[in-house]
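K.L.:
My questions will all concern the structure given below.
The values are calculated or read from the model by the stated rules, or taken from the named source; none is laboratory data. Here the structure is a predicted model, which is why all the values come from computation and not from measurement. For neighbour counting, all protein chains shown are included, and Cβ atoms are generated from backbone atoms with ideal geometry for every residue, glycine included.
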Amino acid sequence: MTKTVYVPQGNCARFIHDITSKYDIDGLYTDDFSTCSILVCISKDFSRMILAHLDTHVTFDQLKEDIDYVGEFESIVIISRDQGKYVKDNWVRFIEEKLRYKVYQLEITNDIQGIYISPTSNNFKILDVKVPNIKTCTRNNLELIHHPQEQQILAVRHIGDIVGKRAMMKLGGTPIDQKKQYLIFDGQAWQPLSEKETEVNDNHTLTKQEMRVLTPQKSYVALASELNAIGRSFNQHLKTVNSLEDVVLITTSYLEEYLHNYNHPYLFKRNLKERINFENNVPQTLEDKSFKAKLNLTLNREEDSFLEIQDLFNSYIKNAPDTEYKTRNMEYNTLFSDAYLRRKYYYDLKQNYKEIENQATTLNEQAVEGYKNNKFQSAADLFFKAIQLYTCCSLKNDPKLATLYYNCGKSFQQLSKYEEAKFFLNTSLILRENYIEPRPRAEIEKTKKAIDECKRAQEQPSTTWVESSSNRASSNSQGLGK
């Protein structure tokens, strides 16, 4: 099954048909948006596409760079919900007045979950204008790949809806960090993000004071109370669509997972236990008392008991009479279960990425063995399969990805397929020169040398750069990257 790149809130991704599709990726998808808008821009020949979130954190220069990247395009489409009208109107005005591009607008209802674009998706009709390659759908039928740091990215951004706002206002409404990574997938690989994207920036005195009171020891309710107090101090000065109560509810959930290293089983049990045993949460019937006793026994276990707790709730809901106690605890369970499932999604994703990396490692080992035995086509195929897997789960600054590209290029070089070799070798060089720290100087020079050898071989098609077949095999074990 082909894969689809997920574009998280506040980011942009590119799809380059001749390149992205080679990695078994068929399109771009996003959902979970309310007040922001979604921009889609597709080139006339469908070879390049972008899907971008538009909110108050995106700069005009960032957006212009990605629109310009598409080249000559058929149309720009901005998709929004009713509650995102304020943000959408500002962006439409900017694009039409400053960039002088025509924008087609589409307002969708809240029951439409996501936006998907692909060279193969169906036409979508907007204002009697056919906009190819866009469709609305859910994520259920898509095999999504996510940025490896996505959970941290979203947590820090949601925390920033309250924490750090006073510091920003002190600076005249200017975000403390303006150079955040907007483009998250460039059509070929995941862009690495700096610490300022995955950690709360408390450089300003006001933010440092806020984080000092938002400690891991505080309960969910206590954290919500602190966030509410911070929000009330500036809320009247900001134009927001959502109520402060709604923002606090969302921010508290992301804040506590950030403070507890995203430990989903612990947070679920801790929060539910604290609410169940709150002194004002008193059982009213024998069924209530029995349920509370069984629930506490299960919550006190060390292992992840989420499913067993859900069974307890389902039986309780079905058999116990309706009481205020029952209604209240059902609401608690829904609130904390939703957070648990969202966090577990990313936990499972990380476990899956570890398995994918192991598969890629195995393919790489098989490819190296094939290369040593002069089976260069088999080696190239295996190296590329490993690259396809690594593209899902690694970042551009991962040395293993650069090595795989180098090894694949060397295999094609041995086959005298110099254009293919240069593509992989150049990609490896870009990664090594621009993303990997510290800079691997020896590997960079080795990669440049291989590229030069390919160029010279192309200039002299009657000869080849490689050693004679009699001594080539003995040098093959030294020809690949580590």
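K.L.:
Only one of (1) within 22 Å of the chain's Cα centre (by Cα); (2) under 28 Å from Phe423 (Cβ atoms); (3) part of a helix (DSSP H, G or I) fails for Ile50. Which number is that?
P.N.:
(3)
K.L.:
Looking at this structure, is Asp55 in contact (Cβ under 8 Å) with a residue 24 or more places away in the chain, surrounded by fewer than 17 Cβ atoms within 10 Å (Cβ to Cβ), within 17 Å of the chain's Cα centre (by Cα) and over 17 Å from Gln113 (Cβ atoms)?
P.N.:
Yes.
K.L.:
Another one. Is it true that Phe15 is modelled with pLDDT under 90, surrounded by 17 or more Cβ atoms within 10 Å (Cβ to Cβ) and either part of a strand (DSSP E or B) or among the aromatic types (Phe, Trp, Tyr) (or both)?
P.N.:
Against the criterion (modelled with pLDDT under 90, surrounded by 17 or more Cβ atoms within 10 Å (Cβ to Cβ) and either part of a strand (DSSP E or B) or among the aromatic types (Phe, Trp, Tyr) (or both)), Phe15 does not qualify.
K.L.:
Turning to a different aspect of this structure: Among helices (runs of 4 or more DSSP H) lying entirely in segment 414-482, which contain 2 or more residues that are assigned by TED's automatic domain parsing to the domain that holds Ala379 and at pLDDT 95 or above?
P.N.:
418-434, 441-459
K.L.:
Can you name the residue in segment 32-47 that is in a strand (DSSP E or B) and touching a helix residue (DSSP H, G or I) at 6+ places or on another chain (Cβ under 6 Å) and is also surrounded by the fewest Cβ atoms within 10 Å (Cβ to Cβ) among such residues?
P.N.:
Applying the filter and picking the extreme gives Ser43.
K.L.:
Within segment 221-234, identify whether any single residue is of a type in the set (D, E, K, R) and modelled with pLDDT of 95 or more, and answer yes or no.
P.N.:
Yes: segment 221-234 contains one or more residues that are of a type in the set (D, E, K, R) and modelled with pLDDT of 95 or more.
K.L.:
Identify the single condition in (1) modelled with pLDDT of 90 or more; (2) touching a strand residue (DSSP E or B) at 6+ places or on another chain (Cβ under 8 Å) that Thr198 does not satisfy, given that it satisfies every other one.
P.N.:
(2)
K.L.:
Check segment 145-152 and report whether any residue there is part of a helix (DSSP H, G or I), closer than 17 Å to Gly114 by Cβ and at pLDDT 95 or above.
P.N.:
The answer is yes; a qualifying residue exists.
K.L.:
Out of segment 430-446, which residues are over 25 Å from Leu193 (Cα atoms) and not acidic (Asp, Glu)?
P.N.:
Ala442, Lys446 - these are the residues of segment 430-446 that are over 25 Å from Leu193 (Cα atoms) and not acidic (Asp, Glu).
K.L.:
Looking at segment 298-313, which of its residues are surrounded by 11 or more Cβ atoms within 10 Å (Cβ to Cβ) and part of a helix (DSSP H, G or I)?
P.N.:
If the condition is that a residue be surrounded by 11 or more Cβ atoms within 10 Å (Cβ to Cβ) and part of a helix (DSSP H, G or I), then Thr298, Leu299, Phe306, Glu308, Ile309, Gln310, Asp311, Leu312, Phe313 are the ones that fit.
Residue by residue, here is whether (1) outside the structural domain of Lys455 (by TED's automatic domain parsing); (2) in contact with a Ser or Thr (Cβ under 7 Å, 6 or more places away or on another chain); (3) polar (S, T, N, Q); (4) touching a residue at least 24 places away in the same chain (Cβ under 8 Å) holds:
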position: Tyr345; (1), (2), (3), (4): yes, no, no, no
position: Asn364; (1), (2), (3), (4): no, no, yes, yes
position: Tyr371; (1), (2), (3), (4): no, yes, no, yes
position: Phe383; (1), (2), (3), (4): no, yes, no, yes
position: Ile387; (1), (2), (3), (4): no, no, no, yes
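K.L.:
Which one of these is of a type outside the set (Gly, Ala, Ser), touching a residue at least 12 places away in the same chain (Cβ under 8 Å), in contact with a Lys or Arg (Cβ under 7 Å, 6 or more places away or on another chain) and buried (at least 19 other Cβ atoms within 10 Å of the Cβ): Ile95, Ile78?
P.N.:
Selected residue: Ile78, the only one of Ile95, Ile78 that is of a type outside the set (Gly, Ala, Ser), touching a residue at least 12 places away in the same chain (Cβ under 8 Å), in contact with a Lys or Arg (Cβ under 7 Å, 6 or more places away or on another chain) and buried (at least 19 other Cβ atoms within 10 Å of the Cβ).
K.L.:
So, one more: If Pro321 meets every condition in (1) assigned to a helix (DSSP H, G or I); (2) in contact with an Asp or Glu (Cβ under 9 Å, 6 or more places away or on another chain); (3) surrounded by fewer than 15 Cβ atoms within 10 Å (Cβ to Cβ); (4) of a type outside the set (Lys, Arg) apart from one, which number is that one?
P.N.:
Evaluating Pro321 over (1) assigned to a helix (DSSP H, G or I); (2) in contact with an Asp or Glu (Cβ under 9 Å, 6 or more places away or on another chain); (3) surrounded by fewer than 15 Cβ atoms within 10 Å (Cβ to Cβ); (4) of a type outside the set (Lys, Arg) leaves (1) as the failure.
Residues are listed down the side, and each one gets a yes or a no for (1) acidic (Asp, Glu); (2) without any contact (Cβ under 8 Å) to a residue 12 or more places away in the chain; (3) closer than 28 Å to Thr198 by Cβ; (4) not assigned by TED's automatic domain parsing to the domain that holds Val247:
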position	(1), (2), (3), (4)
Cys12	no, no, yes, yes
Asp24	yes, no, yes, yes
Tyr29	no, no, yes, yes
Lys64	no, no, yes, yes
Tyr86	no, no, no, yes
